[in-house]
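Taking it in order: structure first as structure tokens, then the write-up.
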Amino acid sequence: MTNAAFTLTQAPYFHTLADRVCALGEGHAGERVSLYLQAEQSTFIRFNRSAVRQATQVQQGSATLTLVSGARRIAATLTLTGVAHTDLRRLTDELATLRSLLPDVPDDPYLLLPDAVTHSHRHEHGTLPRADDVVQQVAEAARGLDFVGFCAAGPVVRALADSTGQRHWHHVESFHIEWCLYLRADQAVKASHAGAHWIPAEFQKLVAQSALQLQLLARPAAAVAPGEWRAYLAPAAVAELLSTLGWSGFSARSRRTHTSSLSQLASGLGERLHPSVVLNEDTAAGLAPAFTPDGFVKPASVALLSDGHLRDTMNSPRSAREYGLAANGANSSETPESLSLAPGTLREADVLGAIGDGLYVSNLWYLNYSDRSACRMTGMTRFACFRVQGGELVAPLPVMRFDDAFTRLFGVDGLLALDEHAVLVPDNSSYGQRALGSVTTPGALVQGWRLTL
């Protein structure tokens with residue numbers, strides 16, 4: 001079974017299925033058959049108290065079979081075995097079932113499929129750590145510390161074929177390790193290391209930085225009053241803000257129905273963003289595939305914000321049909337999958353000095369909109385956040401709630417500087433399967449950040 005499952009992430013296996021399944025649409029006028037593969041071969045390791053608590057490998061795949069005739073569409077998803085003749089038999093039977101049910105499916109007035117026959121191929125090999133390498137690195141870097149963490153690594157595949165001749169293959173190898181160094185009660189330092197190439201020295205450096213922050217957490221918490229503060233938001237904190245902004249901020253549907261959190265900016269009523277805010281859906285640099293399950297090809301980059309102004313929107317096929325737009329590879333919820341904020345000029349060594357007297361915020365959580373129409377968000381500080389005085393970390397910050405508008409915080413009066421380097425913050429979701437979404441962002445120095453309690 002292991003050998004069979006391994007074939008799930010190999011192109012010849014997929015093309016064997018695709019060629020046979022798509023050929024089943026021949027002889028049925030007006031039909032369109034497509035096959036969408038999701039597969040992975042992942043290593044998962046969990047740590048607690050610097051010891052391995054779980055180590056496992058997952059090899060799995062599923063195929064979504066879709067049948068379209070006219071404006072009618074029906075689909076089913078099957079778990080695959082990796083044995084080609086077994087999977088072909090099950091897919092063939094499922095297609096016959098879908099064909100028998102299709103006449104009972106109502107027409108979809110907003111159904112839109114690509115007209116062009118396109119092809120793409122992305123196969124990226126990474127320098128991934130072996131499980132025993134990760135264990136050894138953690139043992140060395142976290143000696144004497146309470147290291148709690150999770151590591152996921154391995155190839156993830158997305159592939160598409162249809163009876164019009166489309167063929168798309170996406171194979172990326174990546175890793176993501178995140179950890180907390182735990183002190184006591186609710187006090188811990190959180191950090192992560194992710195990408196396509198495992199660099200032991202970088203991991204060791206990040207754990208060492210976490211250990212230094214852990215020492216500061218042992219100090220008595222600073223007394224911080226609600227109000228407006230100069231603050232540095234680390235990349236993980238900025239990623240939370242950007243992810244929340246992506247819920248509706250760039251959706252064509254939300255923009256047209258005036259439910260977007262950026263509606264005021266779109267209408268010219270909101271505060272203008274800082275000119276240095278350059279935000280793109282950067283598919284070419286992300287981990288997500290450059291095609292959709294329907295076969296639409298995504299542009300290498302979609303400009304969302306630049307020079308303080310809104311640019312394009314995320315246009316799903318349904319919105320494209322309804323509003324007469326060009327589909328640009330957006331998913332059904334029209335949320336970014338490879339969001340990227342361009343870096344600025346603030347050097348890492350200069351961050352504390354630039355804060356001067358203020359706050360260092362490493363993480364945020366529980367984010368939501370307190371006023372969507374005004375793009376105002378609320379949430380809590382989390383993990384290692386610190387009071388800064390004289391350009392030095394002096395004491396941990398108690399858990400605080402903020403409530404502030406993104407457009408003000410990253411506006412001409414709020415944003416002071418962005419880091420010179422952007423960090424990949426991948427979606428760490430692994431419910432059912434590993435996710436491929438990501439946010440790439442620098443940290444941000446802001447003024448007037450509003451704490452409410």
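The values are calculated or read from the model by the stated rules, or taken from the named source; none is laboratory data. Because the structure is a prediction, the values reported are computed rather than measured. Every residue, glycine among them, receives a Cβ derived from its backbone with ideal geometry; neighbour counts consider all protein chains shown. These accessible areas exclude ligands, DNA and RNA; they are computed on the full protein's heavy atoms, side chains included. Shrake-Rupley method; radii C 1.70, N 1.55, O 1.52, S 1.80 Å.
Data for the structure
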quantity: Among (1) touching a residue at least 40 places away in the same chain (Cβ under 8 Å); (2) buried (at least 16 other Cβ atoms within 10 Å of the Cβ); (3) under 30 Å from TYR36 (Cα atoms) - the single one LEU233 does not satisfy; calculated: (3)
quantity: Filtered residue count, the stretch 421-453, keeping only those that are crowded, with 20+ Cβ neighbours inside 10 Å, part of a strand (DSSP E or B) and either over 12 Å from the mean Cα position of the chain (by Cα) or without any contact (Cβ under 8 Å) to a residue 12 or more places away in the chain (or both); calculated: 5
quantity: Residue satisfying all of: in the stretch 400-420; out of contact with any Pro (no Cβ under 6 Å at 6 or more places or on another chain) and in a loop (DSSP other than H, G, I, E, B); surrounded by the most Cβ atoms within 10 Å (Cβ to Cβ) among these; calculated: PHE410
quantity: Options GLY295, GLY268, GLY308: the member that is under 30 Å from VAL117 (Cβ atoms), more than 16 Å from the chain's Cα centre (by Cα) and of a type in the set (Gly, Ala, Ser); calculated: GLY295
quantity: Boolean, ASP162 is of a type outside the set (Gly, Ala, Ser) and farther than 25 Å from GLN433 by Cα; calculated: no
quantity: Tally of residues being in a loop (DSSP other than H, G, I, E, B) and open to solvent by less than 70 Å² (accessible area, probe 1.4 Å) across the stretch 325-347; calculated: 14
quantity: The stretch 42-63, residues that are open to solvent by less than 60 Å² (accessible area, probe 1.4 Å) and on the phi > 0 side of the Ramachandran plot; calculated: SER50
quantity: Looking only at the stretch 3-41, and only at residues there that are in a helix (DSSP H, G or I) and charged (D, E, K, R), the one that is surrounded by the fewest Cβ atoms within 10 Å (Cβ to Cβ); calculated: ASP19
quantity: Any hit, the stretch 374-381, residues being touching a residue at least 40 places away in the same chain (Cβ under 8 Å), within 18 Å of SER248 (Cα to Cα) and either open to solvent by 30 Å² or more (accessible area, probe 1.4 Å) or in a helix (DSSP H, G or I) (or both); calculated: yes
quantity: Residues that are of a type in the set (A, V, I, L, M, F, W, C) and either open to solvent by 80 Å² or more (accessible area, probe 1.4 Å) or at pLDDT below 95 (or both), drawn from the stretch 77-100; calculated: VAL83, ALA84
quantity: Options SER210, SER267, SER263, SER251: the member that is of a type in the set (Ser, Thr, Tyr) and closer than 30 Å to ALA39 by Cβ; calculated: SER251
